[in-house]
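The structure appears right after this line, and notes come after that.
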Amino acid sequence: MPELPEVESTRRHLEPEVGGRVITRVEVRRDRMLRRQPRPEDFADRMVGREVERLGRLGKFIMAALEGDLMWITHLGMSGRIELASPGDAEQPHTNVVVELGDIEVRLVDPRTFGFMAVLTPEEFDESSLAGLGPDALDDLPSTGALEERLAGRSVPIKPLLLDQRLVSGLGNIYADEVLFRAGIDPARPAGSLSHDEVKALRSSIGPVLRDGLRHGGTSLDDLAYLLPDGRAGEFLHLLRVYGREDLACRTCGTAIVRRVLRARSTFSCPVCQR
């Protein structure tokens, strides 16, 4: 699933191309892509003729502010990606939504259709599950003390808690494993068992891991489900320390990386470096 570095890399590619442009046409090929729109018929009506004022992001969501105090929200789901193209260019299979802005198109390509788009009013946003997202893991990370308070007394393993977007938003399976490796924490440790120094190490690891992923355009796995809007693959795959490296030697100590399943998610760690 595209996570914060992939989504932010996508946003940065989109911003200079679509910011300040007026939406001229919208075409939705799969109704499922509008399942988070309170009234699907509002989607295109709210977009056509409006200027994209700015592009932002919260966790894994791209947030495009449209004139008239509307928010165009895009989530890439498990297999989605954004493609930038010119009208008339050949389309990729599974192009489910096309938003035309003059001589450029923003295309949502999503084979598994777990992604979605929506255009919400401020009131609709406040009533949606998006309002319950935690602070952004890159731009608004809570202090060590605040994180310690949120983890205190929790018996759930720290790895699945990091995936809970209500704690912090933006971390997914890949980067949670990488953060925990960098912090030296076993993913199965009960969240409430972490000491002050361990919580500090955890917090100190989140930013550098995410920035490294962003610097390399995110992580494109072997299936190439995620690509940048210009068609290039993210290159962070080659720098991963634990994720996807089952039975390979730890880059730090040489011990074989192990794979476990925690709360139905594959989890990779080093049994020596992480305690």
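The values are calculated or read from the model by the stated rules, or taken from the named source; none is laboratory data. Note that the coordinates shown come from a computational prediction; the quantities given were computed from them, not determined experimentally. Cβ coordinates were reconstructed from backbone atoms using ideal geometry, including for glycine residues, and neighbour counts include every protein chain displayed.
When 21, 39, 35 are checked against the criterion of being more than 23 Å from residue 113 (Cβ to Cβ), at pLDDT 95 or above and either in the same structural domain as residue 213 (by TED's automatic domain parsing) or of a type in the set (Lys, Arg) (or both), 21 stands alone in meeting it. With respect to the conditions (1) touching a strand residue (DSSP E or B) at 6+ places or on another chain (Cβ under 6 Å); (2) surrounded by fewer than 16 Cβ atoms within 10 Å (Cβ to Cβ); (3) farther than 21 Å from residue 17 by Cβ; (4) not β-branched (Val, Ile, Thr), residue 36 falls short on a single one, namely (2).
One line per residue, one yes/no per condition, for (1) assigned to a helix (DSSP H, G or I); (2) surrounded by fewer than 19 Cβ atoms within 10 Å (Cβ to Cβ):
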{"site": "159", "(1), (2)": "yes, no"}
{"site": "175", "(1), (2)": "yes, no"}
{"site": "178", "(1), (2)": "yes, no"}
{"site": "200", "(1), (2)": "yes, yes"}
{"site": "209", "(1), (2)": "yes, no"}
{"site": "214", "(1), (2)": "yes, no"}
{"site": "226", "(1), (2)": "no, no"}
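Of the residues in segment 78-109, how many are surrounded by fewer than 19 Cβ atoms within 10 Å (Cβ to Cβ) and in a loop (DSSP other than H, G, I, E, B)? Final tally of qualifying residues: 13.
Which residues, counting only those in segment 110-145, are in a helix (DSSP H, G or I), small (Gly, Ala, Ser) and either out of contact with any helix residue (DSSP H, G or I) (no Cβ under 9 Å at 6 or more places or on another chain) or under 18 Å from residue 65 (Cα atoms) (or both)? Before the answer, list the steps.
Taking segment 110-145 and keeping what is in a helix (DSSP H, G or I), we get 122-127, 129-132, 144-145.
Subset that is small (Gly, Ala, Ser): 129, 131-132, 145.
Within segment 110-145, 129, 131, 132 qualify.
Criterion applied to 2, 38 was being part of a loop (DSSP other than H, G, I, E, B), out of contact with any Ser or Thr (no Cβ under 8 Å at 6 or more places or on another chain), closer than 21 Å to residue 129 by Cα and in contact (Cβ under 8 Å) with a residue 24 or more places away in the chain, and the one residue passing it is 38.
Over 16 Å from the mean Cα position of the chain (by Cα) and either under 30 Å from residue 128 (Cβ atoms) or not polar (S, T, N, Q) (or both): is that true of residue 195 in this structure?
On the way: over 16 Å from the mean Cα position of the chain (by Cα): yes; either under 30 Å from residue 128 (Cβ atoms) or not polar (S, T, N, Q) (or both): no.
Criteria not met by residue 195.
Restrict the check to segment 71-86 and report whether at least one residue is over 27 Å from residue 127 (Cβ atoms), small (Gly, Ala, Ser) and free of Cβ contacts under 8 Å to residues at least 60 places away in the same chain.
Initial filter on segment 71-86 (over 27 Å from residue 127 (Cβ atoms)): 79, 81, 83-86.
Adding the requirement that they be small (Gly, Ala, Ser) leaves 79, 85-86.
Narrowing further to those that are free of Cβ contacts under 8 Å to residues at least 60 places away in the same chain: 85-86.
So far as segment 71-86 goes, yes, one or more of its residues are over 27 Å from residue 127 (Cβ atoms), small (Gly, Ala, Ser) and free of Cβ contacts under 8 Å to residues at least 60 places away in the same chain.
Within segment 246-271, the set of residues being assigned to a loop (DSSP other than H, G, I, E, B) and surrounded by fewer than 19 Cβ atoms within 10 Å (Cβ to Cβ) comprises 246, 247, 248, 251, 252, 253, 254, 255, 263, 264, 271.
So for segment 130-152 (the condition being under 15 Å from residue 229 (Cα atoms) and either surrounded by fewer than 19 Cβ atoms within 10 Å (Cβ to Cβ) or in contact (Cβ under 8 Å) with a residue 40 or more places away in the chain (or both)), does at least one residue qualify? Give the steps one after another, and end with the answer.
Just the residues of segment 130-152 that are under 15 Å from residue 229 (Cα atoms), to begin with: none.
No, segment 130-152 contains no residue that is under 15 Å from residue 229 (Cα atoms) and either surrounded by fewer than 19 Cβ atoms within 10 Å (Cβ to Cβ) or in contact (Cβ under 8 Å) with a residue 40 or more places away in the chain (or both).
All told, residue 243 falls short of being crowded, with 18+ Cβ neighbours inside 10 Å, in contact (Cβ under 8 Å) with a residue 12 or more places away in the chain and closer than 13 Å to residue 5 by Cα.
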